[in-house]
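Enquirer: Attaching a single structure in structure tokens format; questions to follow.
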Amino acid sequence: MATKLITIDQDGSEQELRAVASALVQGALVGMPTETVYGLAGNALLPDTVRRIFAVKGRPQDNPLIVHLYDQSQLAQVAEQVPAEFYLLYEKFCPGPLTMVMTRSQVLPSEVSAGLDTVGIRFPAQRTARNLLRLAEVPVVAPSGNLSGRPSPTQAQHMLDDLDGKIEYILDDGPCALGVESTVLDLTVSPPQILRPGVITAELILERTGLTVHETSSAVSTKASLTVSPAEAKTEECSQHGSVIFTPRSPGQKYRHYAPQAPIFIARGRDSHEQITSLLSRIESETDKRLGFFGAEDTFDALRRRMSEMKGLPAVNIVTYLYPGSEQVETATHELFAAFRELDAAGVELILTPAFPRREFGIAYMDRLERAAESEEK
Ligand code: TXA
Ligand code: MG
């Protein structure tokens, strides 16, 4: 099968989207841009299509898919017993990067929920996703459009790299605005609980709606209990998670996700100087390796300066993926998955990158980074 790449024009390519939407309703698989990451979209009401999505991605059978809707008028089709919190959250955050888990309707094929009695529902904000959902009029399942275990795609090219020849269409509407997947919030428990951190944080939810939700991240909590020393825990402000033993409620959390092939070294420290010291000591012990660096230009310049001052350090080969200026967590989030893919393609054997404090965007960012780094740090 030839995958058709469609570039969305300024006006949104309505005519072409119409044809893609009707193919999607009939069972075609479509690479769909969203504000978080690109998704692999299919008609949620067709069991064969849902099964094909799992097959194409190589996705474990027990990891449920998120259902994407245009607006809340479609909700009754896919959910039952909609909790009151939903309406409050919908008003403040939808359309947007928030997935809400509630009791599922029996109309949905059981494959969507991988056997669970709940369903995750999201209303994406990105214009092409919205146009496609509006034209298709059916609920649409869309996991991230990567091969299972690979970093999520934040550009159409990433989807093409993973799935060319396996799906019917990819809609190219440029790089995703955020670069990290939606917050998954379980509304079947009280208080609601964050199953996967995203840019909509517990703090933001409290601030905008007055709702208290529990924040649990498996990566943060298990890693904190496994590997973070008390000193680091203080710097990273994660000591509160230190003693939490986490049981995954969201099946996706038990897999090593977002992983480049190369192991990752996260440079920790109270400030940039300490982080660079940490990078230098790692570089010193890995001079024989092809190293990769992901971070801000300013950080890399400072690193290079300090390397040049070090006596006896042999010439080291560092492949870089840099963004302009100084460390910015929004920019790092936007670039993270693209950096993983590019550094992998360059054949690096170890990726070096600085940590960010766990607040605002930093919560989701460190969750993804630490998951990706898991095998290196364990
Ligand atoms: O931003 C996003 O959410 C992107 C875009 C394409 O919308 N989608 C995405 O889907 O990241 P996926 O399949 O890669 O990740 C979905 C996550 C998994 O961790 C899965 O376990 C969890 O959501 N999930 C889905 N349905 C669930 C449910 N009923 N209960 C608990 N967790 C659920
Ligand atoms: Mg995914």
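The values are calculated or read from the model by the stated rules, or taken from the named source; none is laboratory data. This one's a predicted model, so the numbers in the text were calculated from it and none came from an experiment. Glycine also receives a Cβ, built like all others from the backbone with ideal geometry; neighbour counts cover every protein chain displayed. For accessibility, only protein heavy atoms count, side chains too; no ligands or nucleic acids. Shrake-Rupley method; radii C 1.70, N 1.55, O 1.52, S 1.80 Å.
Enquirer: Which net charge results for the neighbourhood of residue 347, defined as the other residues with beta-carbon distances under 14 angstrom from its beta-carbon, given Lys and Arg at +1 and Asp and Glu at -1?
Expert: 0
Enquirer: Given a 1.4 Å probe and the protein chains all in place, what does the accessible area of residue 207 round to, in Å² to the nearest 10?
Expert: About 140 Å², rounded to the nearest 10.
Enquirer: Same structure, new question: How do 75, 211 stack up against each other in accessible area, from largest to smallest, with a 1.4 angstrom probe?
Expert: 211, 75
Enquirer: What residues have an amide H closer than 5 Å to that of residue 31, excluding those fewer than 5 places away on the same chain, when H is modeled at 1.01 Å from N in the peptide plane?
Expert: Excluding prolines and chain starts, which carry no amide H, the hits are 41, 169, 170, 171.
Enquirer: Could you list which residues have their amide H under 5 Å from that of residue 216, counting only those 5 or more apart in sequence or on another chain, with H placed in the peptide plane?
Expert: 194
Enquirer: What residue among 367, 298, 11 shows peak mean-square fluctuation when the chain is described by a Gaussian network model with Cα springs under 10 Å?
Expert: Of the options given, 11 has the highest mean-square fluctuation.
Enquirer: I've got another one for you. Karplus couplings for region 131-146 from phi (6.51 cos²θ - 1.76 cosθ + 1.60, θ = phi - 60°), rounded to Hz, Gly and Pro as x?
Expert: For region 131-146, the Karplus curve yields 4, 5, 5, 5, 6, 6, 6, 10, x, 10, 7, 8, x, 4, x, 9 Hz.
Enquirer: Keeping all protein chains in position, work out how much accessible area residue 310 exposes to a 1.4 Å probe, and write it in Å² to the nearest 10.
Expert: That residue has around 50 Å² of solvent-accessible surface.
Enquirer: Restricting to DSSP loop positions (anything but H, G, I, E, B) with no more than 15 other Cβ atoms inside 10 Å of their own Cβ, which GluC sites (Glu not before Pro) remain in region 1-100?
Expert: Listed in order of number, the matching sites are 80.
Enquirer: Using +1 at the C-beta of Lys and Arg and -1 at the C-beta of Asp and Glu, which of 41, 72, 55 has the Cα lying farthest in the positive direction of the dipole of region 1-94?
Expert: Positive-most Cα among the choices belongs to 55.
Enquirer: Another question, if that's okay. Taking only pairs that are 8 or more places apart or on different chains, how many Lys pairs in the chain have Cα atoms under 14 angstrom apart?
Expert: Taking the Cα cut-off of 14 Å, the pair count is 4.
Enquirer: While we're here: Taking the Cα centre of the chain as origin, sum charge times position over the Cβ atoms of Lys and Arg (+1) and Asp and Glu (-1), and report the length of that vector in debye to the nearest 20.
Expert: In total the dipole reaches around 660 debye.
Enquirer: Please report the carbon-and-sulfur percent of the accessible area for the chain; probe 1.4 Å, protein heavy atoms only, DNA, RNA and ligands left out.
Expert: Its accessible area is 49 percent carbon and sulfur atoms.
Enquirer: If you count only protein heavy atoms and use a 1.4 Å probe, how large is the accessible surface of residue 161, to the nearest 10 Å²?
Expert: Its heavy atoms expose roughly 90 Å² to the probe.
Enquirer: How long are the semi-axes of the equivalent ellipsoid of region 264-324, defined as square roots of 5 times the Cα gyration tensor eigenvalues? Whole Å, largest first.
Expert: Result for region 264-324: semi-axes of 16, 14, 12 Å.
Enquirer: If you rank 371, 196 by how much accessible surface each has, with a 1.4 Å probe, what is the order from largest down?
Expert: Output order, biggest surface exposure first: 196, 371.
Enquirer: Compute the whole-percent fraction of alpha carbon pairs in region 264-377 spaced more than 22 Å apart.
Expert: Percent of Cα pairs beyond 22 Å in region 264-377: 26.
Enquirer: What distance in nm lies between label points placed 7 Å from Cα along the C-beta direction at residue 261 and residue 209?
Expert: The modelled label-to-label distance comes out at 4.2 nm.
Enquirer: On average, how much accessible surface per residue is there in the chain, in Å², for a 1.4 Å probe, leaving out ligands, DNA and RNA?
Expert: Each residue of the chain exposes 41 Å² on average to a 1.4 Å probe.
Enquirer: For the chain, state the average projected area of the convex hull of the C-alpha atoms over all orientations, rounded to one decimal in nm².
Expert: 18.5
Enquirer: Per residue and in Å³, how big is the convex hull formed by the alpha-carbon atoms of region 6-129?
Expert: 110
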